[in-house]
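Engineer: Have a look at the structure that comes next, please.
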Amino acid sequence: MPNLFISYRRADSGASAELIHKRLVSWFGRERVFFDVEEIRAGEDWQRRLGERMDRCDAVLAIIGRGWLVDLDAGTRRLDDADDKVRWEIAQAFALGKRVLPLLVDGASLPDAADLPDSLKPLAGLQAIKIAHERRNKDLDTLVEELIGRHNLLDLFRYRLRLVKRAAIVIPAVALAGLAFAWVSLFDLFALDTASASYVMLLGDLVSDNRPDDALLLVTVPADPERAADKSQRQDLARLIEALSRRQAKRVVFDVFFRAGPASPFDAELLEAARAATAHGVEVIFGFNDFADGVPVSLPRLREVASGLGNVCVGLQRGVATLGSLVVSHGKADHPSLALLTALGPVTIKRIRDDTGEVEATDANGALRAVPFTRRETVSHSDARCPGLAPGDQVITLIAPLSPRERLASAQLRMDLAQALRGDADLHGRIVLVGLEDRLDELSTRLDAGARQRQGFEFQADVASAVLRGIAIRPLNPWGQWGIMLLLGTAAAGYRLSRFGGSGRWDWLVLVAVPLAYLIAAVIVYTQFRLLLNVVYHLTAFYVAYAVFARLERRWLNAPA
């Protein structure tokens, strides 16, 4: 591949020189084609710079237009000036024994020797190539053929064809390998898979206008260890049920569970408040986190007076992602989660359809409700926070969009216990989710950086909102994943094909810009279509394909590997 030096006069053939330069760059690469407009900076010694590039070049292309010979400066021909740049370039080329190719543009003719200075007279005896406007592409192909030789041009074409044929084999193989790695979660060994997915969701949640459903209202109960110990705090919960029932709340859900232990004198008040509210048409739901002989552990008689019990365990951790839960399968029974009951009220799980990705349940009116879920997870180890989940149990999980903490703390969504007890605003149709502000109930999500964490009931609110809106973030199906890997592998091969044998000056930009553009696309897909792209495997397919074709190119061009 030759190194080329373009000599021209801007006033005479600037536009034609630009065009020739672009075509040659597409064939030989920018580093092999010297063009002074791009490569000589202001204040630089032009003669020294031109001399350096002249020494390195294999051929000088002297572009000659109709005004090249007669171009004047203050009434004197420029060519008659010993310091004229164009004269110096061509004379230097002859002095160094470089190959000089005259290119005639805009209908120009090769000048006679008698009209040239002595140092340029050899130019008149050279075979010129005409670049005519009406057959520009053909003439430029002739120039390229002349520069690299007909045989080499055919070789280059054959190499490109071989690269295309190899792509038909390599790209599907790379995509299939990536799909296999994704199937066995290879990168999860290093937490790369879930981490990349979590960061896509993090970026998506940061740029989205996520907020809990307008039907929800959060009521916070301050932590009081002394009252919790003597169980007198249950009296506050009873008063809260009465107050919310008077204000015609549709549903009161407590993200609270009661551990087994001696009966409390305050239990009766709580049970009576729940019974009275249920009798007035207000659904009252409590949480649980443990089982005894397959039955949820709670206060005696609470199952009789409450509308339902929901499992408060939020689900499983995957890297920095926290998964919400919809159903816990323990033993032979399916138990709805607190988030599912918050959204739908008391339901009975009918079946879990993996083919459609939906939980089918009947509500209190006997209507069949279909709720989308993300995936089925199997519990692999015990968790002290969720003692009811034993290894082998299954959790039907849901990945939900998360709301920023500022939105969860807004006055329209949240009030404390004192405000709820003394307020008189109508809450007709509102779903009230009550949670204890307890450090033991904090958890970290993808939006919670560092030590900042959110309360469990705040996370439950986002999961319940996703159920109310019919949202379940799901990974793209295997065919879609394979298709994207094919696309990115093809993009890598296409780029190598487009610059085959040329300069790699902009390779670093491509290797950065493509992943960045794909990451932006993945965030858009997440926010608009609620699909989670497997970024780490897709980009691996891109880089592997790029590396394979770069190595093939180096080998076929006999360049160092």
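Engineer: What is the diffusion coefficient of the range 240-323 in µm²/s, taking the Kirkwood radius over Cα pairs and the Stokes-Einstein relation at 10 °C with a viscosity of 1.306 mPa s?
Structural biologist: 114
Engineer: Å³ per residue of the Cα convex hull, for the range 291-427?
Structural biologist: So the per-residue Cα hull volume is 168 Å³.
Engineer: Now a separate question. Give, rounded to the nearest 20 debye, the magnitude of the charge dipole that the range 195-474 has about its Cα centre when Lys and Arg contribute +1 at Cβ and Asp and Glu contribute -1 at Cβ.
Structural biologist: Here the size comes out at about 360 debye.
Engineer: Can you bin the range 195-474 into rounded, prolate or oblate? Criterion: square roots of the alpha carbon gyration tensor eigenvalues sorted a ≥ b ≥ c, rounded for a/c under 1.5, prolate for a/b above b/c, oblate for the rest.
Structural biologist: Here the range 195-474 falls in the rounded category.
Engineer: Right, something else. For the chain, give the share of DSSP beta bridges that are antiparallel, in percent and rounded to the nearest 5; count only bridges with both residues there.
Structural biologist: Looking only at bridges with both residues in the chain, the antiparallel portion is about 45 percent.
Engineer: Could I get the Rg over Rh figure for the range 4-148? Both from C-alpha atoms, Rh via Kirkwood, rounded to two places.
Structural biologist: That ratio is 0.93, to two decimals.
Engineer: Specify the angular offset, from 0 to 90 degrees and rounded to the nearest 10, of the alpha carbon long axis of helix 535-556 from the longest principal axis of the alpha carbons in the chain.
Structural biologist: 20
Engineer: Beyond a 22 Å Cα-Cα separation, which of these cross-linked pairs lie in this structure: Lys85/Lys138; Lys250/Lys350; Lys85/Lys121; Lys22/Lys130; Lys98/Lys138?
Structural biologist: As for pairs spanning more than 22 Å Cα to Cα, those are Lys85/Lys138; Lys250/Lys350; Lys98/Lys138.
Engineer: Just the number, please: percent antiparallel of the DSSP beta bridges in the range 4-148, rounded to the nearest 5.
Structural biologist: Of all bridge pairs located within the range 4-148, approximately 10 percent are antiparallel.
Engineer: Now, a different point. When a footprinting reagent is the concern and you count Cβ atoms within 10 Å, what order do Leu476, Leu398, Leu340 take, fewest first?
Structural biologist: So the residues, fewest neighbours to most, are Leu476, Leu398, Leu340.
Engineer: Any chance you could tell me what percent of the C-alpha pair distances in the chain go past 29 Å?
Structural biologist: Tail of P(r) above 29 Å: 66 percent of Cα pairs.
Engineer: Taking the Cβ-Cβ separation of Val512 and Arg551 as r and a Förster radius of 22 Å, what is the calculated FRET efficiency to the nearest 0.05?
Structural biologist: In this case the efficiency is close to 0.60.
Engineer: Moving on to the next point. Taking only Cα atoms, what is the 0 to 90° angle, nearest 10, from helix 85-95's long axis to the longest principal axis of the chain?
Structural biologist: For helix 85-95, the angle is close to 70 degrees.
Engineer: By how many nm would the segment from Arg439 to Lys332 grow when fully extended, if each residue of separation counts as 0.36 nm and the alpha-carbon distance is taken off?
Structural biologist: Gain on stretching Arg439 to Lys332: 35.2 nm.
Engineer: Here is a further query. Once all Cα-Cα distances of the range 365-450 are split into 10 Å bins that start at 0, what whole-number percent is in each one?
Structural biologist: Histogram of Cα-Cα distances, whole percents per bin: 11, 28, 35, 23, 3.
Engineer: Can you tell me the length gained on complete extension of the stretch Arg49 to Leu126, counting 0.36 nm per residue apart and subtracting the Cα distance?
Structural biologist: Using 0.36 nm per residue and subtracting the Cα-Cα distance, I get 25.1 nm.
Engineer: In the chain, which cysteines lack any other cysteine Cβ under 4.7 Å from their own?
Structural biologist: Cysteines lacking a close Cβ partner in the chain: Cys57.
Engineer: Continuing with the same structure: Under 14 Å from the Cβ of Cys386, count the other residues' Cβ atoms, weight Lys and Arg +1, Asp and Glu -1, and hand me the total.
Structural biologist: Within the 14 Å Cβ shell, the charges total -4.
Engineer: For labels at Asp209 and Gln419 in the simple 7 Å Cα→Cβ model, what's the distance in nm?
Structural biologist: Output for this residue pair reads 2.3 nm.
All of the numbers you see were taken from the coordinates with simple rules; none came from a lab. Just so it is clear, the structure is predicted and the values come from calculations on it, not from any experiment. Cβ atoms come from the backbone with ideal geometry, glycine included; neighbour counts cover every protein chain shown.
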